[in-house]
1. If R₀ is 25 angstrom, what is the calculated FRET efficiency for the pair residue 137 and residue 165, using the beta carbon separation as r and rounding to 0.05?
2. Could you give the size of the charge dipole of segment 50-96 about its Cα centre, using +1 on the Cβ of each K and R and -1 on the Cβ of each D and E, expressed in debye and rounded to the nearest 20?
3. Take 56, 113 and order them by how many other Cβ atoms sit within 10 Å, fewest up front.
4. Pull out the extension gain between residue 172 and residue 231, defined as 0.36 nm times the separation in residues minus the alpha carbon to alpha carbon distance; nm, one decimal.
5. Which net charge results when you count Lys and Arg as +1 and Asp and Glu as -1 among the other residues whose beta-carbon is under 12 Å from that of residue 53?
6. Of the listed values [x] 0.97; [y] 1.55; [z] 0.94, identify the label whose number matches Rg/Rh (Cα atoms, Kirkwood Rh) calculated from this model.
7. Any idea what the relative contact order of the chain is, in percent, if you count C-alpha pairs under 8 Å spaced at least 6 apart?
8. What order do you get for 224, 165 when you list them from fewest to most C-beta neighbours inside 10 Å?
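Please treat every number below as a calculation from the coordinates, not as lab data. Everything quoted here is computed from the prediction, not taken from an experiment. Virtual Cβ from ideal backbone geometry, glycine too; neighbours counted across all protein chains shown.
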Amino acid sequence: MPLISVIVPLYNAARTLSATVRSIQARGWRNWEAILVDDGSTDGSLPIAGALAADDARLHVARNPGKGPSAARNHGALTLARGDILCFLDADDLWTPEKLAEVAQSLLGGEADAVYDRVGFFTEDPACITSRSTVPAGPLTIPMLLAENPVCTLSNLSLRRAAFVAAGGFRADMVHNEDLDFLVTLAGQGARVTGIARDHVLYRQSAGGLSSDLDAMRQSRTEVVATARRYGHDSAPAQRRATSAT
């Protein structure tokens, strides 16, 4: 049973962190570690993380203050993680009990380099799902990603460590769309990213999220398009659709 490393970047997540960690601990897959990387929280998240780790040796706490979520994920995945399979989970999202076993089965028993599931969206009560994402057939391509990213959130991305290293990790200079840029890089390098048509990820929606900074989102989208062009994809039509939609 191979080790799966779960990377949890956290910043001021005192209200939700315990529930997120419990959702990892509820797994049927037993051989895992979770690395909680604090990005300089000021709300008591770090003591909560420490208390959780004191009760479970599979939990590890690290600090990477003030460098942003991408740097926190990279620090956890590239420097601290010991597993050959990497999963990412934001400190306010949740997983279902079958998540890690499904990931392991898909990555160990098939040709996929990375996998994702369906995502259920909720506000406060995870039992009240307002909408769900879809999983298209076949591996993801750059045009598919630019049209509509079905992975939706990094809480929904699991991959082989070798694929993550080959892609260079997440761009720490990007505040928005760093997940999409990374997926475009993965696909551009020939990695096989496939979907699991099951509901394993619960995404907590909150006011004042990324959509509140539209100028930065537009700029980051331009950078994603530039990444796609480096892999031979002229995505101007998709860019125009994305810009007109905002």
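1. 0.30
2. On the way: 5 positive and 6 negative charges, 59 e Å.
Dipole of segment 50-96, to the nearest 20 debye: 280 debye.
3. Numbers: 56 13, 113 22.
Ascending Cβ contact count within 10 Å gives the list 56, 113.
4. Working: separation 59, 0.36 × 59 = 21.24 nm, distance 2.04 nm.
Stretched out fully, the residue 172 to residue 231 stretch lengthens by 19.2 nm.
5. Values: positive: 58; negative: 33, 38, 55, 56.
So the surrounding residues net to -3.
6. Evaluating Rg/Rh (Cα atoms, Kirkwood Rh) on these atoms matches [z].
7. Relative contact order, the chain: 21 percent.
8. Numbers: 224 29, 165 12.
The order, fewest Cβ neighbours first, is 165, 224.
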